[in-house]
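Following: one structure in structure tokens, then a few remarks.
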Amino acid sequence: MKVDFNKSNDGLVPVVIQNNKTLQVLMLGYMNEEAFEKTQKEQVVTFFSRSKNRLWTKGESSGNFLYVKDIKVDCDNDTVLIKADPKGPTCHKGDVSCFAEETPKGFVYELENIIHDRIDNNVESSYTNKLFKRGINKVAQKVGEEAVEVVIEAKDNNDDLFTNEAADLLYHYLILLKAKGFTFQDIEAVLKSRH
């Protein structure tokens, strides 16, 4: 992987950061050769800050690091695309993306994060947490019940009931994945491997 840092007078190349799970564009930054090498070595995104005139690891003050999953260089060797797993919001304003938009695919992952948060933080009032605490058999049973309800509604002509039951099934399925120690991304990877 060769980046041509000599194409610009300042030795900087633009770097697009994309969420590894949702593929949402999170931000744009710049790297010099030293920042690029540090990012590759540490697997945490480090930019060259033009305003601070120094290397700047994203998250060094906020804790909202970007963990590298993949690095690609464009066909002209003067732009970098990094797929990363963000820890917390990427934008300094607290938004998921510096472009302040959500991707349609992203909401399933956002819902999964909410489910994980309620379970991991033992939110007592949460239905999600209460179901999870009842154990794998109860969670699996609930997924089975929701699946049957989807099948029943699929045979009728009420689109509203069908889509609501389908949403219930997906929601409970995400809880089941958590109970089994998997994520939606794991299942997506299996589907991609079959493609």
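Brief remarks on what is shown
- Inspection of segment 78-97 identifies at least one residue that is at pLDDT 95 or above, closer than 20 Å to T22 by Cα and open to solvent by 50 Å² or more (accessible area, probe 1.4 Å).
- Flag if T79 is closer than 23 Å to Q43 by Cα and of a type in the set (S, T, Y): yes
- Qualifying residue in segment 38-50 (condition: of a type outside the set (S, T, Y), at pLDDT below 95 and out of contact with any Cys (no Cβ under 6 Å at 6 or more places or on another chain)): yes
- Sole exception among (1) under 16 Å from H116 (Cβ atoms); (2) at pLDDT below 95; (3) of a type in the set (A, V, I, L, M) for L170, by number: (2)
- Listed by first and then second residue, the pairs with beta-carbon distance under 9 Å, at least 6 apart or on different chains, first residue in segment 37-50 and farther than 10 Å from V15 by Cα and of a type in the set (D, E, K, R), second surrounded by fewer than 19 Cβ atoms within 10 Å (Cβ to Cβ) and modelled with pLDDT under 95, are R50/D10.
- Within segment 53-70, the presence of a residue that is modelled with pLDDT under 95 and either among the hydrophobic types (A, V, I, L, M, F, W, C) or in contact with a strand residue (DSSP E or B) (Cβ under 6 Å, 6 or more places away or on another chain) (or both) is excluded.
- Failed condition for T103, given (1) open to solvent by 40 Å² or more (accessible area, probe 1.4 Å); (2) at pLDDT below 95: (1)
- Single condition L191 does not satisfy, out of (1) over 27 Å from A84 (Cβ atoms); (2) without any contact (Cβ under 8 Å) to a residue 12 or more places away in the chain; (3) not aromatic (F, W, Y): (1)
- For S193: the one exception among (1) in contact with a strand residue (DSSP E or B) (Cβ under 9 Å, 6 or more places away or on another chain); (2) loosely packed, with under 12 Cβ neighbours inside 10 Å: (1)
Residues are listed down the side, and each one gets a yes or a no for (1) assigned to a helix (DSSP H, G or I); (2) open to solvent by 80 Å² or more (accessible area, probe 1.4 Å); (3) not hydrophobic (A, V, I, L, M, F, W, C):
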site: T128; (1), (2), (3): yes, no, yes
site: K142; (1), (2), (3): yes, no, yes
site: E153; (1), (2), (3): yes, no, yes
site: N157; (1), (2), (3): no, yes, yes
site: L170; (1), (2), (3): yes, no, no
site: Y173; (1), (2), (3): yes, no, yes
site: D186; (1), (2), (3): yes, no, yes
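The values are calculated or read from the model by the stated rules, or taken from the named source; none is laboratory data. These figures come from a predicted structure and were not determined experimentally. Virtual Cβ from ideal backbone geometry, glycine too; neighbours counted across all protein chains shown. Note: areas computed on protein heavy atoms with side chains; ligands, DNA, RNA excluded. Shrake-Rupley method; radii C 1.70, N 1.55, O 1.52, S 1.80 Å.
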